[in-house]
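The values are calculated or read from the model by the stated rules, or taken from the named source; none is laboratory data. All of these numbers come straight from a predicted model, not from anything done at the bench. When we count neighbours, we look across all protein chains shown, and the Cβ atoms used for this are built from the backbone with ideal geometry, even at glycine.
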Amino acid sequence: MANGTAWRTHVPQRARCIMRTANVWRAWTAALSAAIAAGAAAQQRIELSDDGRETVVFEEGGFDGVVLRGGGVPYGAAPDWQNNLRRQVGALQVADMNGDGWNDVVVGCYISNSFPPYDDWHNMIYFNTGGQLETNPSWISDDQVSTGDIQVGDINGDTYPDIFAANGGSSMSPSVIYFGGPGGPSTTPGWTSAEPGLAWNNYAILYDFDHDGDLDVVTANQGNSQFDPYRPMYMFRNNNGVLPTVPSWQSAESSIQNFLAFADFDGDGFEDLAVSKWANFESGIYKNLSGNLATTPVWTTGDTDTDKGVAWADVDDNGWPDLALGHDPTRLYANTAGSLTLSWSATAPYFGHSDLRFADVNRDDLPDLVETHFSDGRVHIYLNQGGVLASSPSWTYDSSSVGTAIALGDLNGDQWLDLVVGNSGEPCVKVFYAIPPACIGDTDADGDVDLTDLAILLAHFDQTGAGIPGDVDDDGDVDLADLAQLLANFDQQCW
């Protein structure tokens, strides 16, 4: 984000003090409010993050486009699709919501004191028809509250995907579920949480942590003011498709949490919960004790920075999940037989995470790391190079707005992961379609050059015309030159 003043670059140092004394918090809040008021008076655009902890005051102008395209990343120089709505996107998911075989884009929207004010924050679904997203969302939630995260899964066991909306905002609106059906989910919530004392849910995860065959829900939370800043994590244990409205478990510590991820990091057969926490609290792991979560962490980073984002993946291919952390800078903790060691740090120019995920973007069977940052609006991809993440970004998209969310999934049916980017502003949802590398001789486009491709070429040998199957060099006929190219690449797998 060019020409933007990033308050977030100074907020972390202050935030550590904010949590310690109400007086300092009030002073920081007053200063921030004054800055926002000054920006509004000058008619400057102001954006706040979905958890209310980061603020950006914009100046005129700003670049929008890909500023770094390293080899091996399959995304282009600009978005291939974008909407025309002005919203604050808190979360994105890619999933087939109506059972037609095509992945749709689910969008959760939040509300804040941004300027100019936003007048709509309904949640949305962009349905996908034959590989093409609709121009305007045809699914819009009936309710309109601040949604910081969206998760998709079959919670009630009826085979249809449900949407869990992790809600909150300054009003601490309860989280809800839109239950799925044959044509998509209901637009009206069918379940509402009843957390004690209310909570601002920053994130949720749907996971069968107790291995009983249904999806349980854990939420990462905070309070809504300097007088009531903290909340425990909450877990809702699913009982055969029935999710209680009151939490079944809570962590011993009340803090500010923001992201969650499950993986069996110690090899005991039960997935443990990683959580990232904001200033004054240590991100860590809560052990899964044979289907019951411990209330205190078994491991922590030992660092009380403003962390935001956790994700697990076996980066080095040693059979143990490694832990990525949205730290300053982004970190990776390598896992060897259940022992975590800091092994990697990113070297991007700025860190202020909004989202962080692992995905194999180049289909080499190794997980790559994808992240987006709020204040500078950038999305970075770090390719996994033989078990080691690139230290500097392999690909960077620089949005002219703030970065709020990312999601990946195959939208056009080519078996490659497309990248969906969320922003606060207009447009607020953008898609980069993956561009598969050329596969010379792959006449049936299945990703490898084999006997099927040879048979297709021979069946059309000596034919002429445009677009003939087997015309490998695209010169208008199928001849010995095409056969030679196919044989030169025979038995190769392109992806």
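What the table below lists for this structure:
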{"quantity": "Options GLY352, GLY338, GLY319, GLY425: the member that is within 24 Å of ARG69 (Cα to Cα), among the small types (Gly, Ala, Ser) and in the same structural domain as PHE270 (by TED's automatic domain parsing)", "calculated": "GLY352"}
{"quantity": "Listing of strands (runs of 3 or more DSSP E) fully contained in the range 227-302 that carry 2 or more residues being of a type in the set (A, V, I, L, M) and under 19 Å from TYR203 (Cβ atoms)", "calculated": "257-263, 272-277"}
{"quantity": "Extreme residue, nearest to LEU260 (Cα to Cα), among residues of the range 177-210 that are among the aliphatic types (A, V, I, L, M) and not in a strand (DSSP E or B)", "calculated": "ALA199"}
{"quantity": "Among the residues listed as ASN238, ASN221, the single one being more than 25 Å from SER354 (Cα to Cα) and surrounded by 21 or more Cβ atoms within 10 Å (Cβ to Cβ)", "calculated": "ASN238"}
{"quantity": "Pair list, Cβ under 8 Å, 6 or more apart: the range 310-333 residue farther than 14 Å from ASP355 by Cα, other residue part of a loop (DSSP other than H, G, I, E, B) and of a type in the set (D, E, K, R)", "calculated": "TRP320/ASP314; PRO321/ASP264; PRO321/ASP314; ASP322/ASP314; ASP322/ASP316"}
{"quantity": "Members of the range 259-304 that are buried (at least 22 other Cβ atoms within 10 Å of the Cβ) and in contact with a helix residue (DSSP H, G or I) (Cβ under 8 Å, 6 or more places away or on another chain)", "calculated": "TRP278"}
{"quantity": "Odd one out for GLN385 among (1) touching a Pro at 6+ places or on another chain (Cβ under 6 Å); (2) within 22 Å of PRO321 (Cα to Cα); (3) surrounded by fewer than 23 Cβ atoms within 10 Å (Cβ to Cβ)", "calculated": "(1)"}
{"quantity": "Residue in the range 446-465 that is in contact with a His (Cβ under 6 Å, 6 or more places away or on another chain) and either in contact (Cβ under 8 Å) with a residue 40 or more places away in the chain or not aromatic (Phe, Trp, Tyr) (or both) present", "calculated": "no"}
{"quantity": "Count of the range 370-405 residues which are among the polar types (S, T, N, Q), in contact (Cβ under 8 Å) with a residue 60 or more places away in the chain and in a strand (DSSP E or B)", "calculated": "3"}
{"quantity": "Every pair of residues 6+ apart whose Cβ atoms lie under 7 Å, when the first sits in the range 406-418 and is assigned by TED's automatic domain parsing to the domain that holds ALA91 and touching a residue at least 12 places away in the same chain (Cβ under 8 Å) while the second is polar (S, T, N, Q) and assigned to a loop (DSSP other than H, G, I, E, B)", "calculated": "GLY409/ASN103; ASP410/ASN103; LEU411/ASN103; ASP418/ASN412"}
{"quantity": "Among the residues listed as TYR203, TYR230, the single one being surrounded by fewer than 19 Cβ atoms within 10 Å (Cβ to Cβ), at pLDDT 95 or above, touching a strand residue (DSSP E or B) at 6+ places or on another chain (Cβ under 6 Å) and not polar (S, T, N, Q)", "calculated": "TYR230"}
{"quantity": "Of all residues in the range 171-186 being more than 23 Å from the chain's Cα centre (by Cα) and hydroxyl-bearing (Ser, Thr, Tyr), the one that is farthest from ARG231 (Cα to Cα)", "calculated": "SER186"}
{"quantity": "Selection from the range 311-334 of residues that are outside any loop (DSSP other than H, G, I, E, B) and not acidic (Asp, Glu)", "calculated": "ALA311, TRP312, ALA313, LEU323, ALA324, LEU325, ARG331, LEU332, TYR333, ALA334"}
